[in-house]
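The next block holds one structure in the form of structure tokens; read it before the comments.
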Amino acid sequence: MSLILEEITENTLEFEDITSFRILSGVENVNLKYIGEILKLEIHSRGCEIKINGNKSNVEKATELFTQFYQIIKKGYHPKQKDFESGLNILEDDQHNLEEIFLDTVCLTTDRKTIAPKSINQKLYIDSIRKNDLVFGIGPAGTGKTYLAVAMAVSYLNLKKVKKIILTRPAVEAGEKLGFLPGDLNEKVDPYLRPLFDALNEMIDPERIARLIDRSIIEIAPLAFMRGRTLNDSFIILDEAQNTTTSQMKMFLTRLGFNSKTIITGDITQIDLEKNVKSGLIEAQSLLNNINGIAFSSFSNNDVIRHPLVKKIIDAYK
């Protein structure tokens, strides 16, 4: 039995801008420690210098990661710790650099934070929305399907590329029927549409949202309210589309009007329809996959950008 020895090496990186370096390393070097744990490296800093020691291949990965993040930090980007793991996944693909993904600003939040893709699949999704009038975003929870779609909608509205935003969902959740919920129609519908409100509230001041809703520039409504309409000059998002039936999906797809974008998001592993009812999203995948002008973007567990435990939970249930 032969023993393969890992080639051990050391590399030293020097940085000129102390402010950018501090952002790169994080408070008490938390970002350096994080990458050290992932890649099983010894990483230490002194002044504006980083020393990396360990397996040669991983030292090279960490070197490239820190070098590229330093450059985008100098251009104004403030990475979160999770971004560093996402950055490793991007560099592993070897087809994209970090700048073209993390600096692809989609929108700014109300507290002036940048909304940008955090993975290759998110970048491809954003590009698909820019190029196509009808885009499906399909994948597990926490991958940014709906959040990025709402950010794009807000961006298009702010740039006057569309005149209104329409957000909709089917009123089906975890076996509950809409009629059994207490209250009037608005109170019944609110829990189903709350995730869309949450995303909007990060990107538009709540008072402005109220004004835009009063003027019907932003419309948030159950899917049933879409019947019989033609939606021109609009950015339309259908969320939780795995819970549509075949007839609901067909009805919604034929609402698309001129100068409009339609984004359909869903997770086919979380279908809450009755067992004998086929998901309209799954059927649309097979029927529309080869039509020019319609794009399908797929997300995986590697695109999860919520708490690290969410990815582990998804993996466990898978």
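For the condition among the charged types (D, E, K, R), in contact with a Gly (Cβ under 9 Å, 6 or more places away or on another chain) and either open to solvent by 10 Å² or more (accessible area, probe 1.4 Å) or over 30 Å from Gly87 (Cβ atoms) (or both), Asp315 does not qualify.
In the stretch 97-121, the residues that are without any contact (Cβ under 8 Å) to a residue 24 or more places away in the chain form Cβ pairs under 8 Å with partners that are open to solvent by less than 60 Å² (accessible area, probe 1.4 Å) and small (Gly, Ala, Ser), at six or more places apart or across chains, as follows: Ile101/Ala116; Ile101/Ser119; Asp104/Ala116; Thr105/Ala116. Out of the residues in the stretch 113-141 that are in a strand (DSSP E or B) and touching a Gly at 6+ places or on another chain (Cβ under 9 Å), state the one that is surrounded by the most Cβ atoms within 10 Å (Cβ to Cβ). The residue in question is Gly137. Of everything in the stretch 261-306 that is hydrophobic (A, V, I, L, M, F, W, C) and over 29 Å from Lys82 (Cβ atoms), the residue that is surrounded by the most Cβ atoms within 10 Å (Cβ to Cβ) is Ala284. If you go through the stretch 287-309 and keep only what is under 19 Å from Thr146 (Cβ atoms), modelled with pLDDT under 90, out of contact with any Ser or Thr (no Cβ under 6 Å at 6 or more places or on another chain) and not hydrophobic (A, V, I, L, M, F, W, C), you end up with Ser300, Asn301, Asn302, Arg306, His307. For the stretch 8-55, a residue qualifies if it is among the small types (Gly, Ala, Ser), more than 30 Å from the chain's Cα centre (by Cα) and assigned to a loop (DSSP other than H, G, I, E, B), and exactly one does: Gly47.
Out of Thr254, Thr244, one residue alone is at pLDDT 90 or above, open to solvent by less than 10 Å² (accessible area, probe 1.4 Å) and either within 22 Å of Leu148 (Cβ to Cβ) or of a type outside the set (D, E, K, R) (or both). It is Thr244.
The values are calculated or read from the model by the stated rules, or taken from the named source; none is laboratory data. Small disclaimer: the values here were computed from a predicted structure and weren't measured. All Cβ positions, even for glycine, are placed from backbone atoms using ideal geometry, and neighbour counts span all protein chains on display. The area values use the complete protein model at the heavy-atom level, side chains included, leaving out ligands, DNA and RNA. Shrake-Rupley method; radii C 1.70, N 1.55, O 1.52, S 1.80 Å.
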